[in-house]
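Below is one structure, written out as structure tokens; the observations come after it.
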Amino acid sequence: MYKLIINDWNLALHDFTSYLLEGLGDNLKMIIGLSEDASIYDSNVLVVVREINDEVRRIVAKAAIKTNEKHKSVISYYLTDEKDVKTIEVFSRVSIEEVDDCEKAFEDFYKEIRNYVVDVVFLGNRYVYDSNVLVVVREVNDEVRRIVAKAAIKTNEKHKCIISYYLTDNKGLIDEFK
């Protein structure tokens with residue numbers, strides 16, 4: 001699945017990938033970027049090459065430095081070769097689990113609030129107004145605020161994916177979120 005989400009983290013991954021493609025050529029086999037907050041072995045990006053040597057280490061380090069200087073996000077890479085199947089599997093599994101967890105988190109959140117909302121827009125890993133869920137209700141009042149906040153807290157305690165909601169009674173924001 002290919003999913004284009006434009007934010008600083010994804011732009012950093014794109015730049016890092018471009019630098020590696022240019023510097024490593026056919027030696028580059030695979031890049032797995034986790035979400036910005038995730039890490040394995042203190043790394044958020046796995047770089048897989050055919051063969052590791054000092055020149056490869058230098059190119060990858062330089063690409064990370066250039067990327068980190070340009071973006072607010074931080075690339076913390078783990079370099080391995082294509083024979084390291086276990087590490088590749090671990091990084092691959094985390095990426096799939098994160099997507100599944102976000103969808104499950106949203107489903108749990110929605111079950112808690114569905115009787116109080118007019119409309120809901122879920123953005124997954126994309127954010128508008130620092131929120132990945134738009135919750136539109138008939139009227140914003142203390143009871144609705146409490147119910148939605150309680151549902152988010154309950155969901156966020158259970159999942160790795162964070163529900164960060166924007167509560168409004170303005171249906172006009174739906175187009176902005178979509």
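The values are calculated or read from the model by the stated rules, or taken from the named source; none is laboratory data. Bear in mind that the values here come from a model prediction, so they are computed numbers and not experimental data. When we count neighbours, we look across all protein chains shown, and the Cβ atoms used for this are built from the backbone with ideal geometry, even at glycine. What goes into the accessible areas is simple: the full protein's heavy atoms, side chains included, and nothing from ligands, DNA or RNA. Shrake-Rupley method; radii C 1.70, N 1.55, O 1.52, S 1.80 Å.
Going through (1) under 17 Å from Y19 (Cα atoms); (2) more than 14 Å from the chain's Cα centre (by Cα); (3) surrounded by 13 or more Cβ atoms within 10 Å (Cβ to Cβ) one by one, R57 falls short only on (3). Being under 25 Å from N7 (Cβ atoms), modelled with pLDDT of 90 or more, open to solvent by 40 Å² or more (accessible area, probe 1.4 Å) and hydroxyl-bearing (S, T, Y), is that true of even one residue in the stretch 159-166? The answer is yes, given that some residue of the stretch 159-166 is under 25 Å from N7 (Cβ atoms), modelled with pLDDT of 90 or more, open to solvent by 40 Å² or more (accessible area, probe 1.4 Å) and hydroxyl-bearing (S, T, Y).
Residue-by-condition table, conditions (1) more than 14 Å from the chain's Cα centre (by Cα); (2) hydroxyl-bearing (S, T, Y); (3) open to solvent by less than 40 Å² (accessible area, probe 1.4 Å):
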position	(1), (2), (3)
V90	yes, no, yes
G124	no, no, yes
N141	yes, no, no
K171	yes, no, no
E176	yes, no, no
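Conditions tested, residue by residue: (1) in a helix (DSSP H, G or I); (2) aliphatic (A, V, I, L, M); (3) assigned by the TED database to the domain that holds I163.
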residue	(1), (2), (3)
G25	yes, no, no
I32	no, yes, no
L46	no, yes, no
V60	yes, yes, no
T67	yes, no, no
L79	no, yes, no
R114	yes, no, yes
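Looking across the stretch 32-50, just one residue is open to solvent by 30 Å² or more (accessible area, probe 1.4 Å) and modelled with pLDDT of 95 or more, and that is R50.
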